[in-house]
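Working notes for the structure below.
The values are calculated or read from the model by the stated rules, or taken from the named source; none is laboratory data. None of the values given here were measured: they were computed from a predicted structure. Positions of Cβ are backbone-derived with ideal geometry, glycine not excepted, and every protein chain shown enters the neighbour counts.
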Amino acid sequence: MLLNKSTYKEYQNHLEKIVQFGEGNFLRAFVDWIVDTMNKKGVFNGSAVVIQPLERGMINKLNEQDGLYTLYLNGIKEGKVVSEHEVISSIKRALNPYSQYEEYLQLAEQEEIRFVFSNTTEAGIAFNQEDTLEHRPQNSYPGKLTAFLYHRFKFFNRAKDKGLIVIPCELIDKNGEILKSIVLQYAKLWNLGEEFIQWIEKYNVFCNSLVDRIVPGYPKEKMKEITAELGYEDGLVVEGEQFHLWVIEGPGWIKEEFPADKAGLNVLFVEDLTPYRTRKVRILNGAHTSMVPVAYLYGLDTVKEAVEHENLGKFIRQLIYEEIIPTLDLPLEELESFAEAVLDRFKNPFIKHYLMSIALNSMSKFETRVLPSLIEYKSSKEALPDRICFSLAALMHFYKGYRKGEKIALADEGDILDLYEKLWNSKEEDLYERVVRGILSYEKLWKMDLTSIDGLEEKIIYFLRKIDEEGIEKAINEVIA
């Protein structure tokens, strides 16, 4: 028995309010789940029409199941390990513009259409010089969107109230602003006229947004058991974690039209999402990057093992609460609540997150995710953060290339690997000084000379010597005492 309208008795029709570019796991486990939750709570009454952004995709399967699919949310919820599932019914239908271009344009003629959501990967928001208005369809997502908006502009005779709210979910900074700039670039390239440009500028809203939910996707290896549990066949099952956060930067009135807060969802409408992006990068990504060399050298292999370990767990919590959070410009209660959610996500028993998968390009990750916390801490406290410094020393030891005698599969830029090999293979007596000074002064990586930070070089040398000579198990005791 296949999941579709005939087998799902709770199916309800909702107005087509959303044009959604992308049919992948993330949008279905995040945006479509949010819309579905609002519908079930009775605050929205809207559905999405999915546009397949590439010529090949999975919309045939979506249409075969009438847009229905099962979402499993697994993780820690209110302190308890939870796995729960529900049928999501917020997708009305799906179109392939490569074979249904007229239907795609006709969608722009529907009065109720109000939102555009997208997740076409980071590479999707890009300008393609070869795209033209006459292409059916355009190759790029912004090109398709421009053609859609232009058709709507003409069909409704420049009507002010027919502009749309565009909220991209691609993981790039200023995603809404960049998307809008490319749409305007096409408008000029295609000579669509000053009136259309003004209509885009004045009556359409492009929001920057920040999305956060881990979505492992289709649980292929568990589908036999899942099908037996569900009692029906579903080729679109998707798994996600319990945690979700959507920060949308735009006019406050948007949340009246998209009242996710009334459905109890963690969707924030803000004037500036920069502090929230910084919070995520510094706390979640920064903690990931900081724990990797310490926990891996200790002999652990996964994030869950690290946060649940007596010593490593203490190290990670101290690093977050005592050294990262004090550098951030948001209310303390909000930061600590986010940090607790992050630690719960790290402990999620349904996700096996290997430290070595995070270790890719660790040096550049440290520069973007952790170094700003170190610099801000030094500036505000006039002292150096011990755990962050210890992590940097452990990272330098990690790039020595061995864990307890076994070779580490290092993966980074060639110049960084070459530099470490040269420094660690030095036969000079002041080995630790050479390694630390050589790395801290590598301005190509850090975009500054870190030896200029008072006391940093000496502290890293001290920690690196202890790690190398005493072992990380003993060395860490000093910083968590």
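What the table shows:
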quantity: Residue count for the range 217-241, restricted to those that are on the phi < 0 side of the Ramachandran plot and touching a helix residue (DSSP H, G or I) at 6+ places or on another chain (Cβ under 8 Å); calculated: 11
quantity: Count - residues of the range 390-420 that are surrounded by 15 or more Cβ atoms within 10 Å (Cβ to Cβ) and either within 29 Å of the chain's Cα centre (by Cα) or closer than 23 Å to Ile480 by Cα (or both); calculated: 16
quantity: Tally, over the range 195-219, of residues that are over 23 Å from the mean Cα position of the chain (by Cα) and of a type outside the set (Val, Ile, Thr); calculated: 8
quantity: Whichever residue in the range 103-133 is part of a helix (DSSP H, G or I) and of a type outside the set (S, T, N, Q) and, among such residues, is farthest from Ser47 (Cα to Cα); calculated: Ala123
quantity: Helices (runs of 4 or more DSSP H) fully within the range 258-326 counting 1 or more residues that are closer than 12 Å to Arg387 by Cβ; calculated: 286-298, 310-318
quantity: Odd one out for Glu84 among (1) of a type in the set (Asp, Glu); (2) under 23 Å from the mean Cα position of the chain (by Cα); (3) assigned to a helix (DSSP H, G or I); calculated: (3)
quantity: Counted residues, the range 149-171 - those being under 27 Å from the mean Cα position of the chain (by Cα) and in a helix (DSSP H, G or I); calculated: 0
quantity: Residue among Lys444, Lys400 that alone is within 20 Å of Ala295 (Cα to Cα) and either at pLDDT 95 or above or part of a helix (DSSP H, G or I) (or both); calculated: Lys400
quantity: Condition met for Glu333 (over 20 Å from the mean Cα position of the chain (by Cα), in a helix (DSSP H, G or I) and without any contact (Cβ under 8 Å) to a residue 40 or more places away in the chain); calculated: yes
quantity: Strands (runs of 3 or more DSSP E) contained in the range 185-257 and holding at least 3 residues free of Cβ contacts under 8 Å to residues at least 12 places away in the same chain and within 30 Å of Ala147 (Cα to Cα); calculated: none
quantity: Residues located in the range 5-57, provided they are out of contact with any helix residue (DSSP H, G or I) (no Cβ under 7 Å at 6 or more places or on another chain) and polar (S, T, N, Q); calculated: Ser6, Thr7, Gln12, Asn13, Asn25, Asn39, Ser47
quantity: Index of the failed condition, Leu360 passing every other in (1) under 17 Å from Ser290 (Cα atoms); (2) in a helix (DSSP H, G or I); calculated: (2)
quantity: Test: residue in the range 260-274 that is in contact (Cβ under 8 Å) with a residue 60 or more places away in the chain, crowded, with 20+ Cβ neighbours inside 10 Å and either on the phi > 0 side of the Ramachandran plot or among the polar types (S, T, N, Q) (or both); calculated: no
quantity: Glu336 vs. criteria closer than 30 Å to Ser83 by Cα, modelled with pLDDT of 95 or more and acidic (Asp, Glu); calculated: yes
quantity: Options Gly252, Gly299: the member that is touching a strand residue (DSSP E or B) at 6+ places or on another chain (Cβ under 9 Å), more than 22 Å from Ala341 (Cα to Cα) and at pLDDT below 95; calculated: Gly252
quantity: Answer from Glu229, Glu233, Glu177 - the residue that is acidic (Asp, Glu), farther than 30 Å from Leu71 by Cα, in the same structural domain as Gln138 (by TED's automatic domain parsing) and surrounded by fewer than 20 Cβ atoms within 10 Å (Cβ to Cβ); calculated: Glu177
quantity: Tally of residues being of a type in the set (D, E, K, R) and either crowded, with 24+ Cβ neighbours inside 10 Å or modelled with pLDDT under 95 (or both) across the range 11-22; calculated: 0
quantity: Residue satisfying condition, being crowded, with 16+ Cβ neighbours inside 10 Å and closer than 27 Å to Glu256 by Cβ, within set Asn45, Asn74, Asn39, Asn25; calculated: Asn39
